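Below: the structure, in structure tokens.
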Amino acid sequence: MGPERVDAVDAVDAVDAVDAGDVPEEGADTPRVAVPIVVATYNVHQCVGSDGRRDPARIADVIRETKADVIALQEVDSRTGVEHGVDQFNFLAEATEMRPIAGPTLQDHRGHYGNAILTRMSVLRQRSLDLSVPGREPRGALDVVLTAAGHELRMIATHLGLRWRERRRQVATLVDLIGTESREPLVLLGDMNEWIPIRHSLAPLFQMLGHPPRRRTFPAHRPLLPLDRIWCRPSEAVSSIHVHRSERARIASDHLPLKAEVRLGGTERSPG
């Protein structure tokens, strides 16, 4: 029997690694200054590199190289067995010493497969969204709220489908999820699988969040296509977006990591 689709909320245990001490007490008088963080997205390709080796330790090394405070991962394979080997979700979390949030899109008796987030920030809330289109590979998104030094950040991490019409439906769902009323700090990132310059399936996101820089991330050994994207609202919070191009990253997966330097908040003056 083939793997079945699951609601990732059911598959994700509450993140017990959230440390209450990391979250400032409500009403604290401590000034909130701008906090620089690094966010990243990385399709790990089930930890299989261009050399054909399945090597989760090598992927963990690349994640550490990015120095990301929070990183969205796609194609994390935690189905154990002769073919798949280790539970990649837990292995990568332990190897990087980061808090894991799972967003599986497939699950069977061997385990689960799909999206994940690793973070050094505290996790306030999390939920999953099913973006699957009938007849196509199950897809999803993770919608989380993180906090650092009293600043909250909403992050939506996703992996869109391979066909244009599929992506259009998934993007419409994401636009509804983001909403037009809220102006909270937001990062949307992931493998968008968009390479067609005409009839762009991401157009509604461009209208809502602007045009992020196009950075070529695929294939890793000779990047030609900007499949991975990072949006930030407000856009001026981003100081840079660039591809992590280490020698190890070029062989660890079929994608290169994409990372952005973001500033959360700003110095707040005391009243009076």
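The values are calculated or read from the model by the stated rules, or taken from the named source; none is laboratory data. Predicted, not measured: the structure shown is a model, and the values here were computed from it. Backbone-built Cβ (ideal geometry, glycine too); neighbour counts: all protein chains shown.
Select from segment 207-226 the residues that are of a type in the set (A, V, I, L, M, F, W, C) and not in a loop (DSSP other than H, G, I, E, B) and write down the one among them that is surrounded by the fewest Cβ atoms within 10 Å (Cβ to Cβ).
Residue satisfying both the conditions and the ranking: Leu225.
Taking segment 227-240 on its own, how many of its residues are of a type outside the set (Lys, Arg), more than 18 Å from Val35 (Cβ to Cβ) and in a strand (DSSP E or B)? Walk me through how you get there before you give the answer.
First pass over segment 227-240, keeping only residues of a type outside the set (Lys, Arg): 227-228, 230-232, 234-240.
From what is left, the residues that are more than 18 Å from Val35 (Cβ to Cβ) are 227-228, 231.
Still in the running and in a strand (DSSP E or B): 228, 231.
Of the residues in segment 227-240, 2 are of a type outside the set (Lys, Arg), more than 18 Å from Val35 (Cβ to Cβ) and in a strand (DSSP E or B).
From (1) over 14 Å from the mean Cα position of the chain (by Cα); (2) surrounded by fewer than 17 Cβ atoms within 10 Å (Cβ to Cβ), pick out the condition that doesn't hold for Arg127.
Among (1) over 14 Å from the mean Cα position of the chain (by Cα); (2) surrounded by fewer than 17 Cβ atoms within 10 Å (Cβ to Cβ), the lone unmet condition for Arg127 is (1).
Just checking, does segment 189-206 include any residue being assigned to a helix (DSSP H, G or I), loosely packed, with under 15 Cβ neighbours inside 10 Å and aliphatic (A, V, I, L, M)?
Yes, segment 189-206 contains a residue that is assigned to a helix (DSSP H, G or I), loosely packed, with under 15 Cβ neighbours inside 10 Å and aliphatic (A, V, I, L, M).
Which numbered condition in (1) part of a loop (DSSP other than H, G, I, E, B); (2) at pLDDT below 95 is the only one that Asp254 fails?
In the conditions (1) part of a loop (DSSP other than H, G, I, E, B); (2) at pLDDT below 95, Asp254 misses (2) alone.
Residues to consider are Val175, Val171, Val144; find the one that is modelled with pLDDT of 95 or more and surrounded by fewer than 19 Cβ atoms within 10 Å (Cβ to Cβ).
Just one listed residue meets the conditions, Val175.
Read through the list (1) within 21 Å of Pro223 (Cα to Cα); (2) touching a helix residue (DSSP H, G or I) at 6+ places or on another chain (Cβ under 7 Å), then give the number of the only condition that Thr41 fails.
Checking Thr41 against (1) within 21 Å of Pro223 (Cα to Cα); (2) touching a helix residue (DSSP H, G or I) at 6+ places or on another chain (Cβ under 7 Å), the one that fails is (2).
For segment 114-132: of the residues being small (Gly, Ala, Ser) and touching a residue at least 60 places away in the same chain (Cβ under 8 Å), which is farthest from Val70 (Cα to Cα)?
Ser132
If Glu65 satisfies every condition in (1) free of Cβ contacts under 8 Å to residues at least 60 places away in the same chain; (2) under 30 Å from Val35 (Cα atoms); (3) of a type in the set (Asp, Glu) but one, which is the exception?
(1) is the only condition that Glu65 fails.
Could you list, in sequence order, the residues of segment 96-136 that are of a type in the set (Asp, Glu) and at pLDDT below 95?
Answer for segment 96-136, where residues must be of a type in the set (Asp, Glu) and at pLDDT below 95: just Asp108.
Quickly run through segment 165-178 and pick out the residues that are without any contact (Cβ under 8 Å) to a residue 40 or more places away in the chain and closer than 12 Å to Leu209 by Cβ. So that I can check it myself, show each step before the final result.
Here is the first cut: in segment 165-178, the ones without any contact (Cβ under 8 Å) to a residue 40 or more places away in the chain are 165-172, 175-176, 178.
Val171, Val175, Ile178, listed by residue number.
Of the numbered conditions (1) of a type in the set (D, E, K, R); (2) part of a loop (DSSP other than H, G, I, E, B); (3) more than 17 Å from the chain's Cα centre (by Cα), Arg263 satisfies every one except a single condition; which is it?
(2)
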